[in-house]
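> Got a structure for you, written out below as structure tokens; questions coming shortly.
The values are calculated or read from the model by the stated rules, or taken from the named source; none is laboratory data. This is a predicted model, so every value here is computed, not measured. Positions of Cβ are backbone-derived with ideal geometry, glycine not excepted, and every protein chain shown enters the neighbour counts. Heavy atoms of the whole protein, side chains included, go into the accessibility calculation; ligands, DNA and RNA do not. Shrake-Rupley method; radii C 1.70, N 1.55, O 1.52, S 1.80 Å.
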Amino acid sequence: MATRTDAPTRREQILKEAARLFAERGFHGVGVDEIGAAVGISGPGLYRHFAGKDAMLAELLVGISEQLLRSARRRLAEVDGGSAEDVLDSLVEGHIDFALDDRPLITLHDRELDRLRDSDRKLVRQLQRQYVELWVEVVREVYPVLTEPTARSAVHSVFGLLNSTPHLGRPGSLPGRGVTAGLLHRMARGAFAAAGTE
């Protein structure tokens, strides 16, 4: 989940393994002992880091929504002064990184979002809306012919395309990461271009 050069913390290791196991077998199909074993600690030892599985799930789903929004805002700032096309390319690249590197979280979001407490689920939805609206603004700069509702539909459609990576087969069965990223980027930009010909 974290894109950092230093070693992941124990907490990050736990979250990564929890995401993988929850995505593979479902939230209720995984016990704390299994998560602990995956990171080399006892199940009860997990409680030094998290209150329980529900807390892990909340941190995973709220955390990835925060990370996507933070990354998109950073990319906007980095391309400040560049063309809207450059900004859109950067946003697409950032989402592709997420779609390829955090595939278990996509599966987890699709299957388990309703298991979150209301407050956490509302926070995820709020963060996601902000993320979408940031994209909508950029897409409309690149394709001014698009109305706001159409641009929003196009953004959601492109997210659906990019977030299909868990269904592309096992990680080893995909072409190289660079080839897959390039294909996804061309498809995303192609989808926006098709919408922009209205």
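> Can you check what the net charge comes to around G43, using other residues whose Cβ is under 14 Å from the Cβ of G43 (Lys, Arg +1; Asp, Glu -1)?
Net charge around G43: -1.
> Answer with one residue from F22, N163, A195: the one whose Cα lies farthest towards the positive end of the charge dipole of the chain, charges on Cβ with Lys, Arg +1 and Asp, Glu -1.
Selected residue: F22.
> Compute the accessible area per residue over the range 66-175, keeping the other protein chains in place, probe 1.4 Å, unit Å².
That works out to 53 Å² for each residue.
> Also: Can you give the local net charge around P104? Use residues other than it whose beta-carbon is closer than 9 angstrom to its beta-carbon, Lys and Arg +1, Asp and Glu -1.
With Lys, Arg at +1 and Asp, Glu at -1, the neighbours total +1.
> A follow-up question, please. Where does the chain land on Rg/Rh, using Cα atoms and the Kirkwood Rh?
Here the Rg-to-Rh quotient is 1.00.
> Scan the chain and report its longest stretch carrying no trypsin sites (Lys or Arg not before Pro) that are both in a DSSP loop and have at most 15 other Cβ atoms within 10 Å.
Numbers: sites that count: R4, R117.
Of all site-free stretches, the longest is 5-116.
> In nm, give the distance between the simple-model label positions of E148 and L161, each being 7 Å from the Cα along the Cα-to-Cβ direction.
Roughly 2.5 nm, to one decimal.
> Can you list the residues of the range 127-144 with backbone N under 20 Å from a point 7 Å past the Cα of E85, pointing along Cα to Cβ?
Answer for this model: 135-144.
> Rounded to a whole number, what % of the accessible area of the chain do carbon and sulfur atoms account for, probe 1.4 Å?
So the carbon and sulfur contribution to the accessible surface is 52 percent.
> Taking R0 as 35 Å, what's the FRET efficiency between Q128 and S42 from their Cβ-Cβ distance, rounded to 0.05?
Given R0 = 35 Å and the Cβ-Cβ separation, E is 0.50.
> Turning to a different aspect of this structure: Using a Gaussian network model on the chain with a 10 Å cutoff between Cα atoms, which of V62, V139, V39 fluctuates the most?
Of V62, V139, V39, the Gaussian network model singles out V39 as fluctuating most.
> Next up: Rank A151, A99, A51 by mean-square fluctuation in a GNM of the chain with C-alpha springs under 10 angstrom and give only the top-ranked residue.
A51
> Explain nothing, just the number: dipole magnitude of the range 85-148 about its Cα centre with +1 on each Lys and Arg Cβ and -1 on each Asp and Glu Cβ, in debye rounded to the nearest 20.
Roughly 540 debye, rounded to the nearest 20.
> About the Cα centre of the chain, what is the dipole size in debye to 20, counting +1 per Lys and Arg Cβ and -1 per Asp and Glu Cβ, all else neutral?
Numbers: 26 positive and 28 negative charges, 97 e Å.
Using only the charged Cβ atoms, the result is roughly 460 debye.
> Tell me, what HN-Hα J-couplings in whole Hz come from the Karplus equation 6.51 cos²θ - 1.76 cosθ + 1.60 at θ = phi - 60° for each residue of the range 138-155, using x for Gly and Pro?
5, 4, 6, 5, 6, 10, x, 5, 6, 6, 4, x, 5, 4, 5, 5, 5, 4
> While we're here: Taking the Cα atoms only, what angle lies between the long axis of helix 53-78 and the longest principal axis of the chain, rounded to 10 degrees?
With rounding to tens, the tilt is 30 degrees.
> Also: Given G178, V138, A77, which one lies farthest toward the positive end of the charge dipole of the chain, if we put +1 on the Cβ of every Lys and Arg and -1 on the Cβ of every Asp and Glu?
Comparing the listed Cα positions along the dipole, G178 ranks first.
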